[in-house]
Every structure is written in C-alpha cells, then in structure tokens.
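One structure is given here, and the rest of the page talks about it.
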Amino acid sequence: LRRSQLSARGAVPVGMRAEALSLFRSLWRASRLMPTTARKDFVRAMTRSEFELNRLETDVEKLSFLLKVGETQLDNVTAQAEHLTVTFADPRMHGRV
C-alpha cells in the first residue's frame, strides 16, 4: 500500500475505513426497522459499542474479519426486524387474544 492509500488515522486503508463507516450507517438505519423502541435502542447501543471497541484496530486482516461479522449482523438485524414486525402485528402476541 502506498501512503496515499492509508487514512490519516493510521495504517488503515482508506477504502476499508469508508466500508466500516458505510456498515455503521447501514446498521443504524436498519435499527429503525425494529418494531419497538427498546429493540431499536439495543441495536444502536451494540453497534456503537462494537465500533468503539475496535476503533483503534489497525490489523487489516482483523478489520476485514470484523467487517464480515458486521455484514452478517446487518443481515441478522434486518431479518429479525422483519420477523418481529410480523410477530408483533399478530393480535395473539403476548396473549392478547
């Protein structure tokens, strides 16, 4: 990698930093799909926590792995939001018959 391909924050490729920021934003937007405020807040807190925990990571292999985990989590959040929205719309939910 050339120096121009590294971010100002250290030895992290600029494209990887941009990918992480895009993933963070996607997770944040996906949290809005959750049917309850508590679930939305949980997704946001976990997203913020994980990104903050790994904010100073410079190992490209580990960052690549973390981005893949994050993409999987995004898929999970989206699927859970869809499932929970349908479930909570059911009048029999929580014994409300």
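If you take the Cα atoms of the stretch 50-91, find Rg, then find the Kirkwood Rh from the mean of 1/r over all pairs, what is Rg/Rh?
Working: Rg = 15.1 Å, Rh = 12.1 Å.
Using only Cα positions, Rg/Rh for the stretch 50-91 is 1.25.
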| field | Between 0 and 90°, nearest 10: helix 37-53 axis offset from the chain longest Cα axis | value | 20 degrees
| Using +1 on the beta carbon of Lys and Arg, -1 on that of Asp and Glu, and nothing else charged, what's the dipole of the chain about the Cα centre, debye to 20? | 340 debye
| query | Helix 60-89: angle to the longest alpha-carbon principal axis of the chain, degrees 0 to 90, nearest 10? | reply | 10 degrees
| note | From DSSP H assignment alone, runs of 4+ in the chain each adding -39500 (n - 2.57), the sum over residues rounded to the nearest 500 puts [θ] at 222 nm at -23500 deg cm²/dmol
| note | Stretched fully, the stretch from R92 through R48 gains (0.36 nm per residue minus C-alpha distance, one decimal, in nm) 12.4 nm
| said: If packing is taken as the average count of other Cβ atoms within 10 Å, what order do 47-60, 21-34 fall into, highest mean first? | reply: 21-34, 47-60
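Within the set of other residues whose C-beta is less than 12 Å from the C-beta of S26, count the net charge using Lys and Arg as +1 and Asp and Glu as -1. Provide the component values of the computation, followed by the final result.
Numbers: positive: R25, R29, R32; negative: E19, E71, D75.
The answer is 0.
The numbers here are math on the coordinates, done by the rules we state, and not lab data. Keep in mind that this is a model prediction, so the values were computed, not measured. Using ideal geometry, Cβ is built from the backbone for each residue, glycine included, and neighbour counts are taken over all protein chains shown.
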